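No lab work stands behind these numbers, since they all come straight from the coordinates. It should be emphasised that the depicted structure is a prediction, and the values quoted were computed from it without experimental measurement. Quick reminder, even Gly has a Cβ in these numbers, built from the backbone with ideal geometry, and neighbours come from all protein chains shown.
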2 protein chains.
Amino acid sequence: MLKASICTIGDEILIGQVVDTNSSEISRALGSIGIRTSRMVSIGDDSQQILSSLSKELTDNDIVIVTGGLGPTKDDITKAALATLTGSKAYTEHPGQLEMVYKILHSRGLDVLDINRAQALVPDTCEVIVNHCGTAPIMVFRTDGLFGHPATLYAMPGVPYETVNALPDVIEDIRAHHDIGAIFHRNLMVYGYAESALAKKIAPWEDALPEEVHLAYLPNQLTGVRLRLSVYGGTTEHEKSLLEAEIAKLRAILGDAIYSEDDDTLQHVVGKLLKASGKTLSTAESCTGGEISHLITTVPGSSEYYLGSVISYAPSVKREILGVPASTIEEKGVVSAEVAAAMAEGARRITGSDYSVSTTGLAGPGGDGVNPEGTVWVAVSTPRVTKTRKYNFRNDRIRNIERFSASALFFLLNEIKEDLSLNESANETK
Amino acid sequence: MLKASICTIGDEILIGQVVDTNSSEISRALGSIGIRTSRMVSIGDDSQQILSSLSKELTDNDIVIVTGGLGPTKDDITKAALATLTGSKAYTEHPGQLEMVYKILHSRGLDVLDINRAQALVPDTCEVIVNHCGTAPIMVFRTDGLFGHPATLYAMPGVPYETVNALPDVIEDIRAHHDIGAIFHRNLMVYGYAESALAKKIAPWEDALPEEVHLAYLPNQLTGVRLRLSVYGGTTEHEKSLLEAEIAKLRAILGDAIYSEDDDTLQHVVGKLLKASGKTLSTAESCTGGEISHLITTVPGSSEYYLGSVISYAPSVKREILGVPASTIEEKGVVSAEVAAAMAEGARRITGSDYSVSTTGLAGPGGDGVNPEGTVWVAVSTPRVTKTRKYNFRNDRIRNIERFSASALFFLLNEIKEDLSLNESANETK
């Protein structure tokens with residue numbers, strides 16, 4: 001198995017000004033082709049430190065990926081250090097990257113200065129992968145025996161947007177130069193289980209996995225747990241069918257908890273269903289304060305099926321805009337199944353949507369005397385029925401809002417599925 | 001100046017399962033007492049790697065902060081490695097942490113197993129700082145001459161919530177054992193400038209800063225740029241007045257662009273103003289899809305002044321709930337000053353709030369033929385006036401939504417300030 005090290009260069013990470021998200025992006029991309037990341041290192045814009053750290057990483061690893069330190073300003077000294085490290089005698093201008101420098105600056109209405117043109121100059125010891133999103137090229141140093149074994153260093157720009165966009169090219173280059181074999185992945189999105197509970201539930205299946213199949217848990221507050229199944233180094237279609245067989249077993253164990261086999265978020269899956277069926281959606285949010293609506297509208301094209309929301313933070317808005325009866329609020333309390341149901345029904349009525357979802361609860365800090373902090377009632381209303389469900393979480397305010405919102409989306413998704421399948425059976429029996 | 005290294009231990013970071021946010025939290029906390037972070041390293045749950053990496057970091061640095069690898073499961077081998085590294089002969093049970101183990105597990109309704117009790121066992125070469133948020137203690141190893149100079153290692157749990165909560169205790173311990181002197185900080189929140197434009201604007205002031213005053217730029221999509229001014233190693237009140245004098249100069253340069261001198265976000269400042277004046281707020285969002293409402297409601301206690309929102313994604317919702325005239329939409333287009341103004345006025349009318357803010361625009365991908373992607377009209381309505389403003393950004397959908405929302409909050413903030421000051425002068429002339 002190939003070993004990699006990921007190095008970030010730049011004082012802005014060391015002083016805590018920015019969080020390093022590049023390293024985890026890169027290690028996931030490497031993992032996806034079966035390469036293990038052995039270390040991650042962050043160092044400052046200091047030549048001596050760059051030279052000594054990269055020498056060590058190149059000695060210990062097959063692949064070293066460096067991000068950062070490639071901008072046009074004087075702080076960025078990585079390129080000179082890399083030239084020294086690899087014994088470069090001269091710089092050469094890369095025509096493809098130079099063209100990109102002109103293209104990018106002109107598109108921003110800027111002149112190309114000498115300092116910009118210099119971005120296309122690279123040490124003669126490297127090959128270039130053109131960066132299509134920025135002015136600094138990706139440099140590839142194949143160091144051969146320089147560090148005692150064949151090691152390759154990729155130097156990428158540090159802007160996360162540029163790093164993420166250039167990663168596929170780097171991965172392709174790694175694959176072109178190493179015999180990694182065929183790789184198959186499948187991502188299953190699972191909701192409703194904490195990571196540890198999921199691990200327990202699928203332990204017998206996991207213990208019986210064929211040796212070639214690797215499993216990773218990637219949990220996320222807003223999407224549940226992503227289960228990544230991989231087979232590395234395959235040469236035939238055998239591995240693919242192996243994966244499919246294991247996924248079939250998982251489906252039998254987890255059922256509807258698997259909400260996507262295409263790596264989609266909850267809001268994407270809801271959106272796809274609505275788009276395909278021509279149905280529309282509205283929301284009515286109290287304690288989630290707009291987070292559900294925000295999640296839904298992060299999906300491009302959501303205006304095709306999402307009509308809107310009433311965020312009814314004040315009881316007066318619940319009454320006057322959503323039409324929740326004052327008596328219901330009085331008798332049952334704001335945090336109740338009845339108020340949640342009336343909110344969801346109100347949202348459908350005033351927007352004219354097919355479906356709606358509502359929340360009313362206590363994100364915290366503090367409960368209301370009856371319900372503890374972290375309590376939420378969610379209602380989903382369809383043309384057939386309105387259902388309610390209560391959830392309890394124990395997090396801080398912001399995490400509670402996220403958990404409330406994700407739970408509501410998962411509840412909504414399953415009710416839409418049920419309603420659509422009832423529509424289908426109704427059509428069949430006609 | 002003291003030098004520090006931050007090490008994270010755990011396969012979950014190396015495989016990219018989680019992004020390491022602890023390291024930047026820690027380096028900022030260290031920076032706040034004038035300690036420079038020289039390196040950050042992430043390594044896996046591997047004894048040999050832990051021993052060799054920590055030996056190197058303790059040799060090169062005065063302070064080494066380790067996070068992760070302290071859970072109760074078999075993967076977590078950091079504690080044993082630390083015992084070996086510091087020549088510990090035995091483990092001792094720490095009564096204070098044991099008490100915390102019982103308290104935490106009982107509060108979750110769980111029994112205390114041997115594996116949990118073992119969390120309070122520590123190598124006899126360390127001192128303990130009790131972790132009040134988790135079962136694993138913070139261990140402090142004062143290695144004296146073991147690595148050629150006096151170096152201290154702090155081992156903290158890796159759960160971000162626990163790390164952040166224990167950091168002040170660690171910082172206090174560092175201060176108690178090192179002669180750092182008095183430290184003064186001030187954070188100024190600035191909106192409306194890109195980091196580079198801000199740097200250019202305040203360059204003459206920055207170049208003339210007294211040597212003792214340090215400046216850091218901490219930019220954020222949702223809050224603008226945080227300018228941190230610090231004086232380290234002071235012994236008198238002289239430094240404090242030095243800071244105040246520099247801040248007074250900055251105020252003259254930046255004016256209202258400085259929206260907080262108390263490290264508050266836009267939504268917190270808006271909330272404080274509303275709370276203090278007893279005024280209320282509503283929103284009407286189209287392209288921001290609920291993000292503004294979400295930001296406002298992340299503030300605890302926001303229900304005191306925030307009534308709610310209408311998210312009018314569909315034109316029908318703009319017309320029927322917010323009362324935007326169909327003719328205005330027809331004649332001016334959905335993305336127009338007139339529609340934004342009618343939305344904001346509609347939100348005030350139907351919720352009865354004093355103030356409101358609205359957005360209508362194109363987060364992308366794609367424009368509408370007239371307006372390019374990234375265009376937004378924002379309106380702010382007060383009892384006196386409704387004002388509109390147009391913004392253009394060039395980001396992806398999600399970043400556009402964030403920029404739209406932050407710009408709208410900043411616009412709102414300044415209009416609230418103006419309205420409140422007009423109220424004051426009206427009262428004075430009565």
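General remarks:
- Placing unit charges on the Cβ atoms only, positive for Lys and Arg and negative for Asp and Glu, gives chain B a dipole magnitude near 1100 debye about its Cα centre.
- A:W205 label point (Cα plus 7 Å toward Cβ) to equivalent points in the other copies: 5.9 nm, shortest first.
- Neighbouring Cβ atoms from other chains, within 10 Å of the Cβ of residues in A:403-414, number 0 on average.
- Phi to ³J(HN,Hα) by Karplus 6.51 cos²θ - 1.76 cosθ + 1.60 over segment B:318-332, Hz, x for Gly, Pro: 4, 6, 7, 9, 8, x, 6, x, 4, 5, 5, 4, 4, 7, 9
- Shape call, segment B:1-70: gyration tensor on alpha carbons, a/c limit 1.5: oblate
- Positive minus negative residues near A:R397 (Lys, Arg vs Asp, Glu; Cβ under 13 Å): -1
- Taken residue by residue and averaged, Cβ atoms of other chains lying within 10 Å of the Cβ of A:18-26 number 5.
- Structural descriptor for segment A:56-149: relative contact order 29 percent, calculated from alpha carbon pairs under 8 angstrom and at least 6 residues apart.
- As a rough footprinting exposure proxy, the listed residues B:W377, B:W205 were ranked by other beta carbons within 10 Å of their own, and the order from fewest upward is B:W205, B:W377.
- Cβ-based charge dipole, segment A:266-429, positive-most Cα from A:Q267, A:T283, A:T351: A:Q267
- Counting only DSSP beta bridges with both residues in the protein assembly as shown, the antiparallel share comes to about 65 percent.
- In degrees, nearest ten, helix A:238-254 long axis to first principal axis of chain A (Cα): 30 degrees
- Unit charges on C-beta of K, R, D, E only; dipole of the protein assembly as shown, Debye: 1780 debye
- Sequence-distant residues sharing a close amide H with A:L70 (under 5 Å, placed H): A:G158
- Centre separation in Å (Cα based) which lies between segment A:118-169 and segment B:119-146: 43 Å
- Dividing the convex hull volume of the alpha-carbon atoms in chain A by its residue count gives 197 Å³ per residue.
- Between A:S55 and B:H132, the C-beta separation translates, for a Förster distance of 56 Å, into a calculated FRET efficiency of about 0.85.
- Qualifying lysines (Cα of each under 24 Å from Cα of A:K272; at least 8 residues distant if same chain): A:K387, A:K417
- Label points for B:V370 are taken 7 Å from Cα along Cα→Cβ. From this copy to the others they lie 4.9 nm apart, shortest first.
- Percentage relative contact order, chain A, counting C-alpha pairs under 8 Å, at least six apart: 10 percent
- Nearest beta carbon of chain A to the A-to-B rotation axis, with distance in whole angstrom: A:G290, 2.
- Separation of alpha-carbon centers, segment A:12-66 and segment B:403-425, rounded to whole Å: 44 Å
- For chain A, the longest principal axis of the Cα atoms and the long axis of helix A:22-31 meet at an angle of about 90 degrees.
- Cα→Cβ-extended label distance, 7 Å offset, between B:E211 and B:L420, nm: 4.2 nm
- Dipole moment magnitude, nearest 20 debye, segment A:163-221 about Cα centre, only Lys, Arg, Asp, Glu C-beta charged: 360 debye
- Footprinting exposure proxy for B:E424, B:E127 (fewest neighbouring C-beta atoms within 10 Å first): B:E424, B:E127
- Radius 13 Å from Cβ of B:L242, net charge of other residues (Lys, Arg +1; Asp, Glu -1): -3
- For the protein assembly as shown, average projected area of the Cα convex hull in nm²: 41.6 nm²
- The relative contact order of segment A:182-260, computed from alpha carbon pairs under 8 Å that lie at least 6 residues apart in sequence, is 45 percent.
- Alpha-carbon centroids, segment B:231-284 and segment A:189-232: separation in whole Å: 47 Å
- Which of A:G301, A:S316, A:L422, positive extreme of dipole for segment A:266-429 (C-beta unit charges): A:G301
- Cα gyration tensor shape of segment B:3-177, rounded if a/c is under 1.5, else prolate or oblate by comparing a/b with b/c: rounded
- Neighbour-count ranking [beta-carbon atoms within 10 angstrom, fewest first] of B:K387, A:K272: A:K272, B:K387
- The amide H of A:C287, built 1.01 Å from its N in the peptide plane, has A:T360, A:G361 as neighbours under 5 Å, considering only residues 5 or more places off or on other chains.
- The mean number of Cβ atoms from other chains found within 10 Å of a Cβ in peptide B:276-288 is 2, as a whole number.
- Remark: label point of B:G145 defined 7 Å out from Cα along the Cα-Cβ vector; separations to the same position in other copies 4.5 nm, ascending.
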